[in-house]
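Here's the structure we're looking at; comments come further down.
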Amino acid sequence: MHPSIDPPRPSRPTGRTLAAVVLLIAVLCAPTSFSQTVDDFHPSVGGDARGIQQDENGRIVFLRPGLKRVLPDGTSDPLFTATTRDILGFTATQEDGRMVLVGAYTSFMGHTRHSLSRCAPDGRLDVDYNPGNYPSIYWNLSLQLDGKCLVGGGFTLVGGQTRPRLARLNEDGPLDEGLVAALPGQVNAMAVQP
């Protein structure tokens, strides 16, 4: 009988490693007028970042306990007013600039939200987007071209309906009952193909 051996887990990136990855993304995705050097880019994230996303204007959003957005030169974006310390897992930006966020929280910016919320482009909570009381924890999401949102994680129920580890939500947040998938394990990553 052989003992079970768990595969090694990858180490968590340090703040310095994540900053280097952000810089690489910024350089590769920047417009041709981008003249900044590596030595000029020193974003102040204010903690360990769990993820990053760059928008069409070159601004970079850091997911950490809370949100932080920096300008392409690495300085804090003074127009971004998100005030949260919640644990965020992933974000996706809609065509209109609003950000859909998932993570491990039950309250977001002072409003009851269970693992799913949306912010306006300036970081304010979109109070009209209330997907309801979904007690599941979502860890990733992907937006479809029609505005619907795929959410993934280790959950089995969404809005009282059986949805093992993958569900689709309508653009305004409620469950889209047209997708029923039964996946055998937790969904840790996904992407929508064009």
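The values are calculated or read from the model by the stated rules, or taken from the named source; none is laboratory data. Everything numeric in this text was worked out from a predicted model, so none of it was measured. Note: ideal-geometry Cβ built from the backbone for every residue, glycine included; neighbour counts use all protein chains shown. Quick note on the areas: whole protein, heavy atoms, side chains included, nothing else; ligands and nucleic acids left out. Shrake-Rupley method; radii C 1.70, N 1.55, O 1.52, S 1.80 Å.
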Original post:
Given the structure, is PHE80 over 28 Å from LEU179 (Cα atoms), without any contact (Cβ under 8 Å) to a residue 60 or more places away in the chain, touching a helix residue (DSSP H, G or I) at 6+ places or on another chain (Cβ under 9 Å) and not β-branched (Val, Ile, Thr)?
Top reply: no
Scanning segment 156-194 for residues that are over 23 Å from MET99 (Cα atoms) and either small (Gly, Ala, Ser) or in contact with a His (Cβ under 7 Å, 6 or more places away or on another chain) (or both) gives GLY160, GLY178, ALA181, ALA182, GLY185
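At pLDDT below 90 and either touching a Pro at 6+ places or on another chain (Cβ under 8 Å) or not aliphatic (A, V, I, L, M) (or both): is that true of GLY154 in this structure?
Details: at pLDDT below 90: yes; either touching a Pro at 6+ places or on another chain (Cβ under 8 Å) or not aliphatic (A, V, I, L, M) (or both): yes.
Spelling it out, GLY154 is indeed at pLDDT below 90 and either touching a Pro at 6+ places or on another chain (Cβ under 8 Å) or not aliphatic (A, V, I, L, M) (or both).
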Counted residues in segment 72-94 being within 13 Å of ASP55 (Cα to Cα) and hydroxyl-bearing (Ser, Thr, Tyr) come to 2
*Could you tell me whether segment 167-188 includes any residue that is closer than 30 Å to ASP77 by Cα and acidic (Asp, Glu)?*
yes
Conditions (1) in contact (Cβ under 8 Å) with a residue 12 or more places away in the chain; (2) out of contact with any Cys (no Cβ under 9 Å at 6 or more places or on another chain); (3) among the β-branched types (Val, Ile, Thr) -> THR91 fails only (2)
Here the residues within segment 123-175 that are at positive phi and among the basic types (Lys, Arg) are ARG165
Scanning segment 158-194 for residues that are under 22 Å from LEU88 (Cβ atoms) and part of a strand (DSSP E or B), the one most open to solvent (accessible area, probe 1.4 Å) turns out to be ARG168
Conditions (1) touching a residue at least 12 places away in the same chain (Cβ under 8 Å); (2) closer than 16 Å to ARG124 by Cα -> ASP73 fails only (2)
When LEU101 is run through (1) touching a residue at least 40 places away in the same chain (Cβ under 8 Å); (2) within 19 Å of GLU56 (Cβ to Cβ), the failure sits at (1)
